[in-house]
Amino acid sequence: MSVESKIVASRRADLGSRACRRLRQEGSIPGNVYGHKQVPVAIVVSADLIDALVHGGHKVVDLEIEGAAPETAMFREVQWDTFGTQIQHFDLVRVSQDERVVVEVQIEFRGNAPGVSAGGVLEQHLRSVTVECLAVQIPDVITVRLHSLEIGDSVHVSDLEVPDGVQIETAPEETVLHIVEPTEEEEPEGEEVIGAAQPEVIGRKEGESEQDSE
């Protein structure tokens, strides 16, 4: 279950791509806060803090803006650079403790599948599922344990285990993963060779035998 983490943010007056670029160069990440029919607020937060929260899987945070009363907020969108390694911008949406939300939760595999050890191939069909739950109950990840899966076994959405109060919205019949037989590569069929090829005698004329050419 997500653990609430505190974000202390400052308001940012300078907007636009040039100002955001300067903030990132200074080690901060620009963001926005909106929701609950309140005026959106442009904020800036330490890049180290945002990186730690996002990579740690935290979705719900305790947000404090320049000493104001803390608000509960949820990551709605995180924008990355072209290489997907550095956060460029983020959006937070205000939520209530008793508010139900619909979000995407990543699927994480744990353990080693005996079917893979036996030569099978694990094919992953889903990397996340949609869930509905209270904002403070959002799972960081949904774990699939592989220790009992053999070749030919599948895991469907209906097989996923989630905490009480969390409802999966993704169709239950969808396949999460499947362990399949290894693909055998067929050797290319070559032309049958009948006898050894005779070496060409340079300078021999057409119709001339080897003895005639000597």
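When N is the residue count of the range 1-106, what does its C-alpha Rg come to as a fraction of 2.2 N^0.38 Å?
Compactness ratio reported: 1.03.
Once you list every other residue whose beta carbon is under 12 Å from the beta carbon of Pro30, what net charge do they have if Lys and Arg are +1 and Asp and Glu are -1?
Within the 12 Å Cβ shell, the charges total +3.
Among Ser154, Val180, Ile142, pick out the residue whose Cα is farthest towards the positive end of the charge dipole of the range 102-180, where Lys and Arg carry +1 and Asp and Glu carry -1 on C-beta, about the Cα centre.
So the residue furthest toward the plus end is Val180.
Under a Cβ-only charge scheme (Lys and Arg +1, Asp and Glu -1), can you give me the dipole magnitude of the range 1-41 about the Cα centre, in debye to the nearest 20?
Numbers: 8 positive and 3 negative charges, 34 e Å.
About 160 debye.
At a Förster distance of 25 Å, what's the computed FRET efficiency of Ser128 paired with Asp14, Cβ-Cβ distance as r, to 0.05?
0.10
With charges set only on the Cβ (+1 for Lys and Arg, -1 for Asp and Glu), what does the dipole of the range 102-180 come to about its Cα centre, in debye to the nearest 20?
That gives a dipole near 260 debye.
Here, each number is a calculation from the coordinates, and none is a lab measurement. For clarity, every value in this text was computed on a predicted model and none was experimentally measured. We place every Cβ from the backbone using ideal geometry, glycine too, and count neighbours over all the protein chains shown.
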